1. How about region 38-56: which of its residues are under 11 Å from the mean Cα position of the chain (by Cα) and at negative phi?
2. Considering only region 154-168, how many residues are of a type outside the set (Val, Ile, Thr) and over 16 Å from residue 50 (Cβ atoms)?
3. Determine, yes or no, whether residue 111 is modelled with pLDDT of 95 or more, surrounded by fewer than 17 Cβ atoms within 10 Å (Cβ to Cβ), under 16 Å from residue 163 (Cβ atoms) and not small (Gly, Ala, Ser).
4. Suppose we filter 105, 121 for residues that are among the basic types (Lys, Arg) and more than 13 Å from the chain's Cα centre (by Cα); which single one remains?
5. Which of the residues belonging to region 57-91 are hydroxyl-bearing (Ser, Thr, Tyr), within 10 Å of the chain's Cα centre (by Cα) and open to solvent by 40 Å² or more (accessible area, probe 1.4 Å)?
6. Exactly one condition in (1) in a helix (DSSP H, G or I); (2) within 25 Å of residue 130 (Cα to Cα); (3) at pLDDT below 90 is false for residue 35; which is it?
7. Could you say which residue among 94, 168 is modelled with pLDDT under 95, under 18 Å from the mean Cα position of the chain (by Cα) and open to solvent by 40 Å² or more (accessible area, probe 1.4 Å)?
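The values are calculated or read from the model by the stated rules, or taken from the named source; none is laboratory data. The model shown is predicted, which means the values in this text are computed figures rather than measured ones. Using ideal geometry, Cβ is built from the backbone for each residue, glycine included, and neighbour counts are taken over all protein chains shown. The protein model used for the area step is the full one, side chains on, heavy atoms only, and it has no ligands, DNA or RNA in it. Shrake-Rupley method; radii C 1.70, N 1.55, O 1.52, S 1.80 Å.
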Amino acid sequence: MKEKYFSQTLRLVYASVCLALCLILPFLTGQIPKIGNMLAPMHIPVLLCGFLCGWPYGLVVGIVAAPLRYLIFGMPHFPNCLFMCFEMAIYGLMTGLLYRIFPKRNIFIYINLIISMLAGRIVWGIARFALMGLTNTTFSFEIFLAAGFINAIPGIICHIVLIPIIVMAFKKFSGSRGLL
């Protein structure tokens with residue numbers, strides 16, 4: 001019983017830290033919005049939260065992060081924060097679910113991450129298309145590919161390099177604690 005309580009408390013602490021990082025990390029690239037859009041620093045803590053805390057925490061952090069940052073700092077602009085909300089919710093949900101399902105070998109961290117990022121980008125595109133009236137713009141398949149994938153290549157590479165290293169370090173650190 002005591003171990004389960006410790007584990008739940010630790011998950012809550014990790015999720016809180018991930019949410020705080022979602023609010024803080026964009027300041028690193030905030031002076032150059034084009035770089036911030038390419039690197040997507042808010043996505044990193046949400047993806048990590050799914051791995052470290054499980055899908056319920058990852059889902060909640062993903063849903064809350066962008067709208068909360070908009071309410072506090074005015075960024076990301078409305079309605080982009082709504083599109084990101086859907087995208088990041090899927091990131092947290094998928095990484096948590098797939099991490100539970102897949103074998104605990106390191107290669108599956110990469111597979112999980114790639115599947116989760118693809119699913120999140122697809123949901124972002126669907127949300128953007130469905131809520132297109134809020135932006136008074138058009139949203140074509142070409143725009144979806146450019147904004148969701150081609151322009152995001154630096155961020156995708158950064159995520160594929162950085163996140164597995166952090167998850168593997170947490171796996172090694174948690175060892176017998178059983179969190180990961």
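1. Within region 38-56, 41, 42, 43, 44, 45, 46, 47, 48, 49, 50, 51 meet the criteria.
2. Number satisfying all stated conditions: 3.
3. In short, yes.
4. 105
5. Once the filter is applied, which keeps residues that are hydroxyl-bearing (Ser, Thr, Tyr), within 10 Å of the chain's Cα centre (by Cα) and open to solvent by 40 Å² or more (accessible area, probe 1.4 Å), region 57-91 yields nothing.
6. (2)
7. 168
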